[in-house]
Amino acid sequence: MFDEDVVRHYQMHLANRRAMRPDHEYARVTDAEWQEFEDHFDKRKVELGACGRPYGTPCAHEHACVRCPMLHVEPRMILRLDELEADLIARRERAETERWKGEVDGLELTLGHLRDKRDRAIRLQKQTTAPSTSAP
């Protein structure tokens, strides 16, 4: 469903842009170009949800998705975030014991991002499961 919606909007965008410009400025989209476009959106799917980075852009955060503001967590992955949090807490405790101060700082940062993302996913889950208040 999402992919069809993206494709439809992209095609509408192209049609609108082309209507405003002379025909000779636009070539037909090749099969390879279209495949590249579709591949971009397939690559946006990650374990916790989907990456919201724009078309044609690489991952600027080296796949540190929990820290990345472009990650949109699927509410069904909240339990996975809980697992990741438990692991990060254990790693932070080890880092504190070993006095790896830089590691502690990095893990604290990651924990903060994880908790923010979980809070957003919980809010989204509540919004999508809330009973409708509109009249029939």
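The values are calculated or read from the model by the stated rules, or taken from the named source; none is laboratory data. What you see is a predicted model, and the numbers here were worked out from it, not measured in a lab. A quick note on method: Cβ atoms are made from the backbone with ideal geometry, for glycine too, and the neighbour counts reach across all protein chains shown. What goes into the accessible areas is simple: the full protein's heavy atoms, side chains included, and nothing from ligands, DNA or RNA. Shrake-Rupley method; radii C 1.70, N 1.55, O 1.52, S 1.80 Å.
Would you mind stating whether V66 is among the aliphatic types (A, V, I, L, M) and touching a Ser or Thr at 6+ places or on another chain (Cβ under 8 Å)? Yes. I'm trying to understand the selection: among the residues of the range 30-63, which are hydrophobic (A, V, I, L, M, F, W, C) and in contact (Cβ under 8 Å) with a residue 12 or more places away in the chain? Once the filter is applied, which keeps residues that are hydrophobic (A, V, I, L, M, F, W, C) and in contact (Cβ under 8 Å) with a residue 12 or more places away in the chain, the range 30-63 yields F37, F41, V46, L48, A50, C51. Listed by position, the helices (runs of 4 or more DSSP H) enclosed by the range 30-135 that each have at least 3 residues that are hydrophobic (A, V, I, L, M, F, W, C), farther than 30 Å from V7 by Cα and open to solvent by less than 50 Å² (accessible area, probe 1.4 Å) are 78-98, 101-129.
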